[in-house]
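The values are calculated or read from the model by the stated rules, or taken from the named source; none is laboratory data. Being a predicted model, the structure only gives us computed values, none of them experimental. Positions of Cβ are backbone-derived with ideal geometry, glycine not excepted, and every protein chain shown enters the neighbour counts. Surface accessibility is based on the protein's heavy atoms, side chains included, excluding ligands, DNA and RNA. Shrake-Rupley method; radii C 1.70, N 1.55, O 1.52, S 1.80 Å.
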Amino acid sequence: MELRPLEWPRDLTPLGEMIYDTFQYPENPQWSVQTDEKEQISHMIESFRRIWPLMRVAQILAPSLRDMFRGYVAIEDGRMIGVTIVQRHGTTNAWVVGTVGVLPEYRRRGIACAAIEKSLALMREHGAEKTWLGVINGNTPAQHLYESLGFEVYDAMTDYSLSDPTLPSVSHLPSGFSISRLTRSDWKTRMDLEKQIVPEEARVYEPIEKGRFHHPLALRLLVPIMNLIQRTKEEEYVVRKDNDGQVIARCKYSAPTRRKGVNSISVRLEPAYPQLADHLVRLMLHKVVSRSPKLRVEIQIPRWMPSVVDAVESLEFEKRVEYLKMGLVL
């Protein structure tokens, strides 16, 4: 078995071929990559292949972008059987372990452990000070592996899913608040809100600093091109208090306009204003279903936003999977 660094774009095709089979859990099918997600992943990989020449130019202009997709692949008999993908969080010294996967028939051979250890060494070589990842709550072997490497649980988030969505009714925004579009370039509003709402214990491995939010110009130019190629429509909004202009929430939707894939929405809300949760969830759901009707809708919610959980459950979203966030000081 060979363990070598990821090579882009050479590894795009075999990676796309193995991802679906890697993340199948027959005993817990709700954990598995769904058919619509498989289609979306395949389309994303094809889009990434098309934009790769522009990505190479962007990496020359902004060296931090060279750390967007690093990691290792395991090869046996010419077949990709395992992968780890890690990336720098913006321009900070915190890194994310985005993907760890081994094909089912090759598990229990230490492949994942070896690939993660290699990736941790790679991150250290590039100045990383801490890293974090998400593991399915209930995937005991994976959690034990990460604990053996020194990772500890510091937060959790839950994926909710709504199949066959219909347009919900949307009431008026409660008095005393206003909502407006949030531009892609307004990184400071995003950062200031996160400083305000994220609990201290959730910041240990995901520090809230400028480098996470203020993206290089090259990346800001690439994102709309990528959305155009993927045929994805995104809009983001911010909610402010009328009396002092304080930002207390932001919300977003992403809709594949080609009528395939998965819709997604998100809500980031100051916990002190739970009365806004229902309105914001309904508003984003209405917008995304209007754009791409009949597609499944997903939302991911941190455990410290219970009002948003209540709002999605009232709209019959189903809890799909909970992820434990685990961090490590390098």
What number of residues within segment 5-34 are in a helix (DSSP H, G or I), in contact with a Phe, Trp or Tyr (Cβ under 9 Å, 6 or more places away or on another chain) and either open to solvent by 60 Å² or more (accessible area, probe 1.4 Å) or under 14 Å from THR99 (Cβ atoms) (or both)?
1
Looking at (1) open to solvent by 60 Å² or more (accessible area, probe 1.4 Å); (2) within 24 Å of LEU133 (Cβ to Cβ); (3) acidic (Asp, Glu), find the lone condition where ASP67 falls short.
(1)
Can you name the number of the only condition in (1) closer than 29 Å to HIS286 by Cα; (2) open to solvent by 20 Å² or more (accessible area, probe 1.4 Å) that ILE197 fails?
(2)
Return a yes/no flag: does segment 245-265 have any residue that is in contact with a Gly (Cβ under 8 Å, 6 or more places away or on another chain), open to solvent by 20 Å² or more (accessible area, probe 1.4 Å) and either more than 25 Å from MET55 (Cβ to Cβ) or of a type in the set (Phe, Trp, Tyr) (or both).
no
Taking into account only those residues within segment 97-124 that are among the small types (Gly, Ala, Ser) and either open to solvent by 20 Å² or more (accessible area, probe 1.4 Å) or under 23 Å from GLN24 (Cα atoms) (or both), which is nearest to the chain's Cα centre (by Cα)?
GLY98
With criteria (1) more than 29 Å from ASP21 (Cα to Cα); (2) touching a residue at least 60 places away in the same chain (Cβ under 8 Å); (3) open to solvent by less than 70 Å² (accessible area, probe 1.4 Å); (4) not basic (Lys, Arg), GLY127 comes up short on (2)
Could you tell me whether TYR146 is within 30 Å of CYS113 (Cα to Cα), outside any helix (DSSP H, G or I) and of a type in the set (Phe, Trp, Tyr)?
no
Just to be sure, is LEU133 free of Cβ contacts under 8 Å to residues at least 60 places away in the same chain, surrounded by 13 or more Cβ atoms within 10 Å (Cβ to Cβ) and within 24 Å of ARG88 (Cβ to Cβ)?
no
Going through SER185, SER175, SER169 one at a time, which residue ends up being touching a helix residue (DSSP H, G or I) at 6+ places or on another chain (Cβ under 9 Å), open to solvent by 70 Å² or more (accessible area, probe 1.4 Å), among the hydroxyl-bearing types (Ser, Thr, Tyr) and over 17 Å from ILE265 (Cβ atoms)?
SER185
Would you confirm, using the coordinates I've provided, whether GLU2 is open to solvent by 50 Å² or more (accessible area, probe 1.4 Å), more than 18 Å from the chain's Cα centre (by Cα), within 19 Å of ALA112 (Cβ to Cβ) and modelled with pLDDT under 85?
no
For segment 86-96, state whether one or more residues are among the basic types (Lys, Arg), in contact with a helix residue (DSSP H, G or I) (Cβ under 6 Å, 6 or more places away or on another chain) and surrounded by fewer than 18 Cβ atoms within 10 Å (Cβ to Cβ).
no
What pairs can you find where one residue is in segment 37-58 and more than 25 Å from ARG320 (Cβ to Cβ) and touching a residue at least 60 places away in the same chain (Cβ under 8 Å), the other is of a type in the set (Val, Ile, Thr) and open to solvent by 50 Å² or more (accessible area, probe 1.4 Å), and their Cβ atoms are less than 8 Å apart, with a gap of 6+ or different chains?
ILE51/ILE225; LEU54/ILE225
Any residue in segment 84-99 that is closer than 24 Å to ASP11 by Cβ, in a loop (DSSP other than H, G, I, E, B) and at pLDDT 95 or above?
no
For segment 227-244, enumerate the residues that are touching a strand residue (DSSP E or B) at 6+ places or on another chain (Cβ under 8 Å) and open to solvent by 10 Å² or more (accessible area, probe 1.4 Å).
ASN227, GLN230, ARG231, THR232, LYS233, GLU234, GLU235, GLU236, TYR237, ARG240, LYS241, ASP242
What number of residues within segment 35-60 are open to solvent by 50 Å² or more (accessible area, probe 1.4 Å), of a type in the set (Asp, Glu) and closer than 27 Å to GLU318 by Cα?
1
